[in-house]
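Have a look at the structure below, then the notes.
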2 protein chains.
Amino acid sequence: MKVGIVGIGHGKFGRRSDATVQELAFEAFRLAMEDTGNLDRKDIDATIIGSVPEYHKQRSLPGVVAEYLGMNDQPTWLTEAACASSSAAIRSAYMAIRSGMHEVVAVLGVQKMTELETPELLALMGRVGDVQWESIFGTTFPGYYAFYANRHMHEFGTTHEQMLKVAVKNHHYGAMNEKAMFRKEITIEKALAAAPVADPFTVFDCCANADGAACLILASEEKAKKLHDTPIWLEGLGCASAAMSLLRRPDLVSIPSAKAASEQAFKQASVSPKDIAVADVHDCFTIAEILAYEDIGFCKKGKGGKFIDEEQSYIGGSNPINIDGGLKAKGHPVGATGASQTYEIVTQLRGDAGKRQVDGADVGLTHNVGGIGQYTFVHIYKR
Amino acid sequence: MKVGIVGIGHGKFGRRSDATVQELAFEAFRLAMEDTGNLDRKDIDATIIGSVPEYHKQRSLPGVVAEYLGMNDQPTWLTEAACASSSAAIRSAYMAIRSGMHEVVAVLGVQKMTELETPELLALMGRVGDVQWESIFGTTFPGYYAFYANRHMHEFGTTHEQMLKVAVKNHHYGAMNEKAMFRKEITIEKALAAAPVADPFTVFDCCANADGAACLILASEEKAKKLHDTPIWLEGLGCASAAMSLLRRPDLVSIPSAKAASEQAFKQASVSPKDIAVADVHDCFTIAEILAYEDIGFCKKGKGGKFIDEEQSYIGGSNPINIDGGLKAKGHPVGATGASQTYEIVTQLRGDAGKRQVDGADVGLTHNVGGIGQYTFVHIYKR
């Protein structure tokens, strides 16, 4: 039995001081319900929230969201896998439907990060690395990814300019995406000259903390065909973990969980990297998108810099990537990101992406990394 | 296809300054692996963590736990539903297996609550109620349940002594449970005279914050029969939500999500309350166990006080309940509680509960409430 997506909704990402976390959730949910059209709240058997709870003042988030959405007394719970929390929710919804327990499940990725003061938020984020042996020495989130960047430069001669070309691309497409946080083109020169964060990164290598939500409605094959003219089918799912502490990783030029999860998803969906017409990958830092090119298999290990030099990840290249602006330009409300990536892929596969449309896109992929690579979820969708 | 439990492990609950959160997880996991016997870590397809992340300094808990358990690169993620977090993990594991995605799944309920200072912990717990409209006025967790207690006394003439009889029973059995935090019998007189918490509660009406972990290994029917002589089958699952804010509840003498979840579980398992030979219910406060008697259907609404007066929830009564000491005597490491309840029911159904054994127990039930009733998960197990 296949599982299809029959409704999608996406709120504006950014500093959303106009909305509480439950209001952000409702905004995306309402849009997904409108998109599906032919569905009553009572027809949704369960709501799975993807979010990182500790960034909110409100505890027990599914409780307040279910009430605000008018979804009592249906089942609800939350999944957390750091920045991949709503991909864990998508995986859970898929299993809920395939198991026969539920026919229609809403996935709600939601996060309000700007409730906390920046120093508190940075301290919390650093603790996404191993507290006992690593973050206690002061490692910050950008610091972790800077390790990857430096090692990639050392082993493969990748340059900081190549990394920033990723940011230039993502801002280019983000400027066309009305849901994105940053809608301005940038240049390599401007990005190189910007404030340093963790060597070699400047602020333009780093995605931004944001508030936002995205909602997906998944249904069983039979229901999906009734609910939507063009259901988009979730046909490959990969999920893998890797050592959290970098000292136990085999190297720093790859995210092992991303490679393993990609292999699982390609195998289940019976496709290979060359079949992926459009992908959303986890570019929390510019180097992360380059690692993604290589770990997914769009190019060979060490060739990610060349891949962006050749503009292979632009529309018209071999594998258009982050055509919604990616985490870099769209913003990264951590729990919402996996659902937001899927929103974009569904939009592209439906042919609804307007001036950002990848012509004839029929197979799409999402790659959502949790934390510093301790988990990756890869999903493959087909029209 | 049925889903069976083939391995269980339970660490000591209490103030565990001897162990980090990953060490607590490992302690329970190791015992579950030993209990299963015939299983290698590589045979476990996924690990689902049930926990409330915000009580830990370490973020991204499944990452650090999977590494410490030697479970890379298998999939892992976390489920959260406040105090019912590991029941959400059990539900997820059931769906993962029924969907055909996984054959063997480990559920790990784990929580270390004593890392935080008490005032910080109390503030966090109060925010399990609605932050925008209720907890901002100072409502604490015991305060919420005191509302239920007072209203039950007002409507049905239930007495504080009847509530404390629940505590006396649970300490009676807890004294026989080597995993329990408190292993002393108490008397009504001592409990009545103890320090007040929220009228009418004294400290003996309230369960204690604790550290601890419990682990369950679930498997598909085919695998379960190979892995254990006496698999215990999960045959009924209920999950429902209710309004988080008390102002939107129809009354304060029932938890609507508990009634709805119980009905779902009884229907799926084709049994009724009278068939339940042994149950573990969510006695975070004494009144909560009385509400559980009524909401599950062990007695009629308003008759919970009489039910404990008649000792119907003791061994020898109509429905023996919390024969492990319950949250009250065993301690309540919130994310671990659902898995701990299941550990007890599996032990009873296997006939391994020693001097606490309910003779001939063949059908068991767990009732795990999240927060102040915004979710309840009910599971029914058969030998």
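The values are calculated or read from the model by the stated rules, or taken from the named source; none is laboratory data. Keep in mind that this is a model prediction, so the values were computed, not measured. A quick note on method: Cβ atoms are made from the backbone with ideal geometry, for glycine too, and the neighbour counts reach across all protein chains shown. Areas reflect the complete protein model, heavy atoms only, side chains present, ligands, DNA and RNA absent. Shrake-Rupley method; radii C 1.70, N 1.55, O 1.52, S 1.80 Å.
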Discussion item. P(r) for region A:136-255, please, calculated from all Cα pair distances in 10 Å bins and given in %.
Written reply: 10, 27, 29, 22, 10, 1
Fill in: Largest-first ordering by accessible area, 1.4 Å probe, given options B:Phe307, B:Phe147
B:Phe147, B:Phe307
Response to the item:
Carbon plus sulfur, as percent of the 1.4 Å-probe accessible area of chain A, comes to 50 percent
Worksheet entry | Cα long-axis angle, helix B:85-98 against chain B (0 to 90 degrees, to the nearest 10) | 40 degrees
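What does the accessible area per residue of the protein assembly as shown come to in Å², with a 1.4 Å probe and no ligands, DNA or RNA counted?
Numbers: 24260 Å² over 766 residues.
Ligands and nucleic acids excluded, the figure is 32 Å² per residue.
Taking the Cα centre of the protein assembly as shown as origin, work out the dipole magnitude from +1 charges on Lys and Arg Cβ and -1 charges on Asp and Glu Cβ, in debye rounded to 20.
On the way: 78 positive and 92 negative charges, 106 e Å.
For the protein assembly as shown, the charge dipole is close to 500 debye.
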Worksheet item: Rounded to the nearest 20 Debye, what is the dipole magnitude of region A:209-248 about its Cα centre when Lys and Arg each give +1 and Asp and Glu each give -1 at the C-beta?
Response: 140 debye
Response to the item:
Summing -39500 (n - 2.57) over every DSSP H run of at least 4 residues in chain B and dividing by its residue count gives a helix-only mean residue ellipticity at 222 nm, to the nearest 500 deg cm²/dmol, of -11000 deg cm²/dmol
Item to complete: Using only the Cα atoms of chain B, construct the convex hull and provide its projected area averaged over every direction, in square nanometres to one decimal.
Response: 16.8 nm²
Practice prompt. Report, for B:Asn38, each distance to the same residue's label point in the other copies, shortest first and in nm; define the point 7 Å along Cα→Cβ.
Written response: 5.0
Discussion item. With unit charges on the beta carbons (Lys and Arg positive, Asp and Glu negative) and the dipole taken about the Cα centre of chain B, which residue among B:Leu365, B:Ile44, B:Met71 sits farthest to the positive side?
Written reply: B:Leu365
Practice prompt. Using only Cα positions of the protein assembly as shown, each an equal point scatterer, no hydration layer, compute I(q)/I(0) via Debye at q = 0.06, 0.08, 0.09 Å⁻¹ and quote the log10 values to two decimals.
Written response: -0.33, -0.59, -0.75
Item to complete: Give the distance, in whole Å, between the Cα centre of region B:249-270 and the Cα centre of region A:215-291.
Response: 37 Å
Worksheet item: With each label point set 7 Å from Cα along the Cα-Cβ vector, what nm distance links B:Ala175 and B:Arg15?
Response: 2.3 nm
Worksheet item: Shape call for region B:1-67 from the C-alpha gyration tensor, a ≥ b ≥ c root eigenvalues: rounded (a/c under 1.5), prolate (a/b greater than b/c) or oblate?
Response: prolate
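May I ask you to derive the relative contact order of chain A, considering only C-alpha pairs under 8 Å and at least 6 residues apart, and to give it as an integer percent? Mind showing how you got there, number by number?
Values: 939 pairs, mean separation 99.8, N = 383.
With pairs under 8 Å counted, the relative contact order is 26 percent.
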Worksheet entry | Hits among lysines - C-alpha to C-alpha of A:Lys169 under 18 Å, sequence gap 8 or more where chains match | A:Lys179, A:Lys184, A:Lys190, A:Lys303, A:Lys306, A:Lys328, A:Lys330, A:Lys355
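Give the interface area between chains B and A as buried accessible surface, both sides summed, probe 1.4 Å, in Å² to the nearest 100. Don't skip to the answer; put the middle values down first.
Working: alone 14370 and 14400 Å², together 24260 Å².
So the total buried area for this chain pair works out to about 4500 Å².
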Worksheet item: Just how much of A:Ser17 is accessible, in Å², when a 1.4 Å probe is used and the result is rounded to the nearest 10?
Response: 110 Å²
Practice prompt. Run through the other copies and list how far each one's label point is from that of B:Glu311, in nm with one decimal, shortest first; the point sits 7 Å from Cα along Cα-Cβ.
Written response: 8.5
Worksheet item: Between A:Asp359 and the same site in the other copies, what are the distances in nm, shortest first, taking label points 7 Å from Cα along the C-beta direction?
Response: 8.2
Worksheet entry | Among A:Met71, A:Met244, A:Met101, residue whose mean-square fluctuation peaks in a GNM of chain A (springs only between Cα atoms under 10 Å) | A:Met101
Response to the item:
In short, region A:68-110 residues buried by 30 Å² or more of accessible area relative to the isolated chain (1.4 Å probe) are A:Asn72, A:Asp73, A:Pro75, A:Thr76, A:Trp77, A:Leu78, A:Glu80, A:Arg91, A:Met95, A:Arg98, A:Ser99, A:Met101
Item to complete: Sticking to Cα atoms, compute the Rg of region B:266-346 to one decimal and its Dmax as the biggest Cα-Cα distance, whole number, in Å.
Response: 12.3, 32
Item to complete: Relative to the longest principal axis of the C-alpha atoms of chain A, give the angle of the C-alpha long axis of helix A:337-350, reported between 0 and 90° and rounded to the nearest 10°.
Response: 70 degrees
Fill in: Vicinal HN-Hα couplings computed from phi for region B:128-140 (Karplus, 6.51 cos²θ - 1.76 cosθ + 1.60; Hz; Gly/Pro x)
6, x, 4, 5, 5, 10, 10, 5, 4, 8, x, 5, 9
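Check each of the chymotrypsin sites (Phe, Trp or Tyr not before Pro) in region B:161-211 and keep only those in coil by DSSP with at most 11 other C-beta atoms within 10 angstrom; list them in order.
Working: sites: B:Tyr173, B:Phe182, B:Phe201, B:Phe204; in loops: B:Phe182.
Sparse-neighbourhood loop chymotrypsin sites (Phe, Trp or Tyr not before Pro): none present.
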Fill in: chain A: angle of helix A:141-156 to the longest principal axis, Cα-based, in degrees nearest 10
60 degrees
Worksheet item: When chain A is modelled as a GNM with alpha-carbon springs shorter than 10 Å, which of A:Ser318, A:Ser340, A:Ser86 fluctuates the most?
Response: A:Ser318
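Kindly identify region B:31-76 as rounded, prolate or oblate by the Cα gyration tensor criterion: order the square roots of the eigenvalues as a ≥ b ≥ c, call it rounded if a/c is under 1.5, otherwise compare a/b with b/c, prolate if a/b is larger, else oblate.
Working: a/c = 2.65, a/b = 1.87, b/c = 1.42.
Prolate, since a/c reaches 1.5 and a/b exceeds b/c.
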Worksheet entry | Distance from region B:292-344 to region B:34-93 (C-alpha centre basis), Å | 27 Å
Practice prompt. Amide H neighbours of A:Asp362 under 5 Å, at least 5 residues apart or on other chains, H built in the peptide plane: list them.
Written response: A:Ala277
Worksheet entry | Gyration tensor verdict on region A:242-311 (Cα atoms; rounded if a/c is under 1.5, prolate if a/b is larger than b/c, oblate otherwise) | oblate
Practice prompt. Identify which of B:Gly126, B:Gly331, B:Gly370 has the largest mean-square fluctuation in a Gaussian network model of chain B, with springs joining Cα atoms closer than 10 Å.
Written response: B:Gly126
Worksheet item: Accessible surface of A:His10 in the full protein assembly, 1.4 angstrom probe, to the nearest 10 Å²?
Response: 0 Å²
Discussion item. Can you tell me the length gained on complete extension of the stretch B:Gln268 to B:Asp229, counting 0.36 nm per residue apart and subtracting the Cα distance?
Written reply: 11.6 nm
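Counting pairs of alpha carbon atoms under 8 Å apart in space and at least six apart in sequence, what relative contact order in percent does region A:144-223 give?
Taking the mean separation of contacting Cα pairs over the length of region A:144-223, I get 25 percent.
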Response to the item:
Which residues qualify? For A:Met244, with a placed amide H closer than 5 Å and at least 5 residues away or on another chain, they are B:Glu67
Discussion item. With +1 on the Cβ of every Lys and Arg and -1 on the Cβ of every Asp and Glu, and nothing else charged, how large is the dipole of chain A about its Cα centre, in debye rounded to the nearest 20?
Written reply: 340 debye
Worksheet item: If contacts are Cα pairs under 8 angstrom and at least 6 residues apart, what is the relative contact order of region A:272-367 in percent?
Response: 39 percent
